[in-house]
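Take a look at the structure below.
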Amino acid sequence: MAGVLDEVSSVAGRTNECLKQLATGYSEGLSKAAFHLIKLGGKRLRPFVLVKCCELVGGSVEDALPAAVSIELLHNFTLIHDDVMDRDDFRHGAPTVHKVYGEPAAIIAGDLLFALVFKCVCDAFWKRRIPPSTTQRVVEELAEAAITVCEGQWMDMGLHNRRDASEETYLSLVAKKTGRLYRASALIGGIVGGAKGGTLGNLSLFGERVGQAFQVADDLLGAVGDPKKTGKPVGSDMRNGKPTIIFLHALRTSTAENRKIIMRAFGKQGASKEDIADALEAIGRTGSIEYGKRVARQLSEQAKAELADFTDSANKSSLIQFCDYVVERAF
């Protein structure tokens with residue numbers, strides 16, 4: 001596992017250098033707001049997937065890097081707007097953009113990042129003499145990914161405080177949000193690397209499944225993770241009324257008494273820490289945490305299966321290790 005983390009760190013370092021260069025040329029206040037979360041850090045996992053998928057099919061890090069930066073900009077754009085909608089006060093252990101600069105500024109900051117998604121990749125690809133047809137395909141995929149994430153966010157809003165959502169609905173939501181950006185990362189990496197046909201199909205499904213696994217694991221960390229490591233308070237999904245897979249499993253399998261305890265906190269912004277703790281303990285008693293871990297592992301294994309036809313290589317090994325990392329991480 002240490003090997004893949006070193007590679008993630010290496011890609012993160014290269015990505016951060018490019019992001020730092022982008023954070024200039026705008027009014028100081030706008031730049032600070034737009035790059036607030038980016039400067040706080042982040043694992044840069046989507047850029048890693050994009051770069052490694054590009055290398056997997058014979059491409060280079062240098063050609064992949066502009067697109068990797070664009071996918072990270074797109075990701076951070078969604079985070080800023082998500083935090084506004086979810087009223088989340090902290091991310092990466094620090095106040096969110098709207099808490100520091102206000103909601104109107106956060107919306108504008110997110111819009112700037114969204115515009116930079118396309119400017120960054122077009123400018124950099126032109127300088128590197130990447131074929132216009134490749135640039136067009138990458139821009140189209142970034143746009144399609146953004147559209148699907150918007151659909152997923154709309155779906156997410158409709159599911160708030162819903163206790164009757166199905167597990168299939170939850171997994172569909174996860175595919176549209178988290179899964180879609182990982183899918184775009186893997187697919188764009190393949191496009192830049194020159195892959196075609198079924199190879200791109202395999203990479204696309206790999207990205208979607210590993211993204212779903214990541215989100216299920218993230219939901220688990222939101223319930224049982226260490227806030228000092230995750231940077232977010234335990235139980236925020238419960239308080240915000242998000243029907244995660246562990247919540248849905250708990251309602252389906254719990255006793256009437258446990259269900260009553262869980263619903264005392266679900267969707268209740270004013271729920272006390274004690275109510276949240278009791279609800280999470282009740283969820284634990286149903287076996288839902290272990291169930292969530294099994295689902296995350298199944299999705300991770302499905303992601304690995306999409307890599308089976310690729311020739312064994314260091315890059316393939318890194319992506320397989322990455323599938324393990326997303327479900328075993330502590331933050």
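Every number in this text was worked out from the coordinates using simple rules, so none of it is lab data. This one's a predicted model, so the numbers in the text were calculated from it and none came from an experiment. Cβ: placed from backbone, ideal geometry, glycine included. Neighbour counts: every protein chain shown.
Which loop-located chymotrypsin sites (Phe, Trp or Tyr not before Pro) does segment 1-98 contain, where loop means any DSSP state but H, G, I, E or B and the Cβ has at most 16 other Cβ atoms within 10 Å?
Those satisfying the criteria are Tyr26.
For Asp6, Asp86, Asp237, which order do you get if you count the other beta carbons within 10 Å of each Cβ and list the fewest first?
The fewest-first ordering by Cβ neighbours comes to Asp6, Asp86, Asp237.
Calculated FRET efficiency, Ser60 and Lys39, Cβ-Cβ r, R0 25 Å, to nearest 0.05?
Once rounded, the FRET efficiency stands at 0.35.
When the distances between all Cα atoms of segment 79-178 are binned every 10 Å from zero, what whole-number percent does each bin get?
Answer for segment 79-178: a P(r) of 13, 32, 33, 18, 4, 0 percent.
Where does each of Ile245, Ile191 land when they are ranked from fewest to most other beta-carbon atoms within 10 angstrom?
Ranked by crowding around the Cβ, least crowded first: Ile245, Ile191.
Taking a quarter of the surface of the Cα convex hull of the chain, what do you get in nm²?
15.8
With charges set only on the Cβ (+1 for Lys and Arg, -1 for Asp and Glu), what does the dipole of the chain come to about its Cα centre, in debye to the nearest 20?
With only Lys, Arg, Asp and Glu charged at Cβ, the dipole is about 240 debye.
Loop only by DSSP, 15 or fewer other Cβ within 10 Å of the Cβ. Give me the trypsin sites (Lys or Arg not before Pro) in segment 178-249 that pass, ordered by residue number.
Lys196
Counting only helical runs of four or more DSSP H residues, what would the 222 nm mean residue ellipticity of the chain come to if each run contributes -39,500 (n - 2.57) and the total is spread over all its residues?
-24500 deg cm²/dmol
Roughly how many whole Å is it from the C-alpha centroid of segment 233-292 to that of segment 294-331?
Taking the Cα centre of segment 294-331 as reference, the centre of segment 233-292 is 29 Å away.
Counting pairs of alpha carbon atoms under 8 Å apart in space and at least six apart in sequence, what relative contact order in percent does segment 47-117 give?
RCO, segment 47-117: 32 percent.
Please work out the C-alpha center-to-center distance from segment 133-187 to segment 73-129 and express it in whole Å.
The two parts, judged by their Cα centres, are 17 Å apart.
Order these by the 10 Å Cβ neighbour count, fewest first: Tyr170, Tyr182, Tyr101.
Tyr101, Tyr170, Tyr182
Treating the angle as unsigned and between 0 and 90°, give the value, to the nearest 10°, between the Cα long axis of helix 273-285 and the longest Cα principal axis of the chain.
The angle comes out near 80 degrees.
Using the alpha-carbon atoms, what tilt in degrees (0 to 90, nearest 10) does helix 103-127 show relative to the longest principal axis of the chain?
30
Could you state the angle between the C-alpha long axis of helix 61-86 and the longest principal axis of the C-alpha atoms of the chain, as a value from 0 to 90 degrees rounded to the nearest 10?
Here the helix axis deviates by roughly 30 degrees.
Using only alpha carbon pairs under 8 Å that are at least six residues apart, calculate the relative contact order of the chain and give it in whole percent.
Computed over the chain, the figure is 19 percent.
Note the full-extension length gain between Asp226 and Ala23 as 0.36 nm times their separation in residues minus their Cα-Cα distance, in nm to one decimal.
Here the answer is 69.9 nm.
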